[in-house]
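A quick write-up on the structure given underneath.
The values are calculated or read from the model by the stated rules, or taken from the named source; none is laboratory data. All values reported here derive from a predicted model rather than from experimental measurement. Neighbour counts are summed over all protein chains in view; Cβ atoms, including those assigned to glycine, are modelled from backbone coordinates with ideal geometry.
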Amino acid sequence: MIKTIHRADSRGLADHGWLKSRHTFSFAGYHDPERTRFGLLRVLNDDIVEPSEGFGTHPHDNMEIVSIPLKGALAHKDSTGSERVINTGDVQIMSAGSGLYHSEYNASKKDAVNFLQIWVFPKERDIRPRYDQKTFSANERINRIQTVVSPDENSGALWINQDSYFSLATIEPGKAVEYKVNGKDSGVYLFVIEGKAEAAGEVLNKRDAIGLEEIEKLEIKAEQKTELLLIEVPMHRV
């Protein structure tokens with residue numbers, strides 16, 4: 001087993017007034033040569049956007065982009081014709097493929113929105129851009145793994161153009177869940193959204209993370225009520 005530990009307070013910070021963002025990996029003005037990616041996971045940003053503020057129209061290409069609101073709602077619009085609101089409980093995926101433009105704003109005029117935005121390198125380049133989102137029941141991940149993004153188009157999760165899986169879990173105090181790795185070349189990046197848990201012999205608090213390579217399964221035990229995001233990605237480089 002190979003461990004990579006990223007503590008919450010070690011992340012990069014960008015404070016633009018209307019936006020406060022914590023960067024797990026090098027992004028924009030934050031650069032750390034030791035933290036450029038975990039396998040094919042390129043970006044994990046923890047963003048807080050003030051009411052009515054947001055990111056104006058800008059381009060992307062050849063990247064799989066997943067957004068998960070933790071509190072509040074995002075208003076999304078892109079050049080594929082999609083115009084949606086992404087609420088807490090939803091997961092959004094956008095395959096930028098051969099190229100698209102999009103914008104995302106806080107959908108509220110009163111309350112800040114907090115969301116995770118995650119980028120994964122694609123399996124196939126220059127595919128037709130696509131957009132999808134889905135609401136997932138929080139009750140279906142209590143003390144168990146809930147897969148929300150998958151390369152299997154028939155799994156009931158959102159489809160991703162990569163051999164990658166995103167899963168959520170809410171673990172009650174003293175309970176544990178087990179995650180089984182799907183790919184032989186894959187690693188798992190575990191991010192603690194809320195709470196405190198133990199995994200791979202490490203205690204992880206809110207917004208701490210651990211990347212694990214060369215494992216087949218992982219047990220996570222909660223010391224208090226804990227919400228988790230697990231991202232499984234191939235570890236080879238593009």
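Figures for the structure shown
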read-out	value
So VAL177, is it farther than 25 Å from ARG22 by Cα and not assigned by TED's automatic domain parsing to the domain that holds SER26	yes
Every residue from region 1-18 that is within 13 Å of PHE191 (Cα to Cα) and either of a type in the set (Lys, Arg) or in a helix (DSSP H, G or I) (or both)	ARG7, ALA8, ARG11
Looking only at region 20-45, and only at residues there that are touching a residue at least 40 places away in the same chain (Cβ under 8 Å) and assigned to a strand (DSSP E or B), the one that is farthest from TYR165 (Cα to Cα)	ARG22
Selected residue (criterion: surrounded by the fewest Cβ atoms within 10 Å (Cβ to Cβ)) from residues of region 199-219 that are over 16 Å from ASP9 (Cβ atoms) and in contact with a Phe, Trp or Tyr (Cβ under 6 Å, 6 or more places away or on another chain)	LEU218
Residue among LYS180, LYS196, LYS184 that alone is without any contact (Cβ under 8 Å) to a residue 24 or more places away in the chain and either exposed (fewer than 14 other Cβ atoms within 10 Å of the Cβ) or not hydrophobic (A, V, I, L, M, F, W, C) (or both)	LYS184
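Results for (1) in contact with a Phe, Trp or Tyr (Cβ under 9 Å, 6 or more places away or on another chain); (2) surrounded by fewer than 19 Cβ atoms within 10 Å (Cβ to Cβ); (3) not acidic (Asp, Glu), shown as yes or no for each residue.
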{"site": "PRO122", "(1), (2), (3)": "no, no, yes"}
{"site": "ARG128", "(1), (2), (3)": "no, yes, yes"}
{"site": "ASN143", "(1), (2), (3)": "no, yes, yes"}
{"site": "VAL149", "(1), (2), (3)": "yes, no, yes"}
{"site": "ASN154", "(1), (2), (3)": "no, yes, yes"}
